Amino acid sequence: MQVLVANDARLLAELRRTALGRRHVALRVIDPAGDPVEQAARIAPSAVILADGEICPDPLVVCHRLRARPETCAIPLIVIGLSFHRARLEAAGVDAFVARPLRRGELHAALERVLALPARSAVRSRIDRPATLTVGSGERQPVVVRDVSMSGAFLEGDRLPDPGEPARLAVEISGRALELPARVVRRGPGFRAGSGAALAFEQVDVATRIFLGAVARQGAARSDAVACGERP
């Protein structure tokens, strides 16, 4: 079992004082010159631990990027930081937040807790909403948003951009008009072959992500109720 850890001397010292070694957990230090998300995608760690600080990557940015990629969205994330950052980090999808200054055993307990988590999957809601997608050249095209989560959406259309292309999705959800900057992360089958694409939202503010997360959870709850034969 491997854990990817920020290159922070105090954090590493704290982890090495725990019983991790006896539990066959190997610490892999994030290369300060590299991209932590690419490193996570490459080694597929059991968890990622980040800390606020000048030599560490911004935990909020890393969290958004981890959750946006299919190969990293299930990796549990722990962040060590100042208490006033807790709400925005937890809203972004952090699995455990540990406040500074670290208290003995607190980080170890958080790691034990997230390593016991089942595989994470983003809560998504089927919405089937008409929308408009603007691609890099400024061309607007009609699409249908099939489902949405706090970190992305799956949509269908006739002329979809290729993976990696930036885009902007305009859609109305629950009476709220949204303009969501995004990037295509993969093309996939829709109702017609080749007509679907997955978007990862980028630089979306925390309040909007909280709103999208609430929409996804409400939709999932309705689907569960229908599956159980209950009134939605």
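The values are calculated or read from the model by the stated rules, or taken from the named source; none is laboratory data. None of these values were measured; they are calculated from a predicted model. Methodologically, a virtual Cβ is constructed for each residue, glycine included, from the backbone with ideal geometry; neighbour enumeration extends over all protein chains shown.
Return yes or no: is Q141 modelled with pLDDT under 80 and among the polar types (S, T, N, Q)? In short, no. So, V148, is that one closer than 23 Å to V48 by Cβ and at pLDDT 75 or above or not? Taking the combined requirement at face value, the residue does not satisfy it.
Select from the range 48-78 the residues that are within 14 Å of the chain's Cα centre (by Cα) and over 25 Å from V184 (Cα atoms) and list them in ascending order. Residue satisfying the conditions is I78 alone. Scanning the range 125-146 turns up no residue that is part of a loop (DSSP other than H, G, I, E, B), closer than 26 Å to V206 by Cβ and in contact with a helix residue (DSSP H, G or I) (Cβ under 8 Å, 6 or more places away or on another chain).
Residue-wise test of (1) in contact (Cβ under 8 Å) with a residue 40 or more places away in the chain; (2) among the basic types (K, R).
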| residue | (1), (2) |
| --- | --- |
| R67 | yes, yes |
| G93 | yes, no |
| E112 | no, no |
| S125 | yes, no |
| P161 | no, no |
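Right, G219: modelled with pLDDT under 75 and not assigned by TED's automatic domain parsing to the domain that holds A68 or not? Criteria met by G219. Residues in the range 42-65 that are of a type in the set (A, V, I, L, M), farther than 18 Å from S83 by Cα and either at pLDDT 90 or above or buried (at least 16 other Cβ atoms within 10 Å of the Cβ) (or both): 3 in all.
Check whether at least one residue in the range 73-88 is among the hydroxyl-bearing types (S, T, Y), surrounded by fewer than 17 Cβ atoms within 10 Å (Cβ to Cβ) and either at negative phi or modelled with pLDDT under 85 (or both), and report yes or no. It would help to see each step written out before you state the result.
Initial filter on the range 73-88 (among the hydroxyl-bearing types (S, T, Y)): 83.
Going one step further and asking which of them are surrounded by fewer than 17 Cβ atoms within 10 Å (Cβ to Cβ), we end up with 83.
Checking the rest, the ones that are also either at negative phi or modelled with pLDDT under 85 (or both) come to 83.
Yes.
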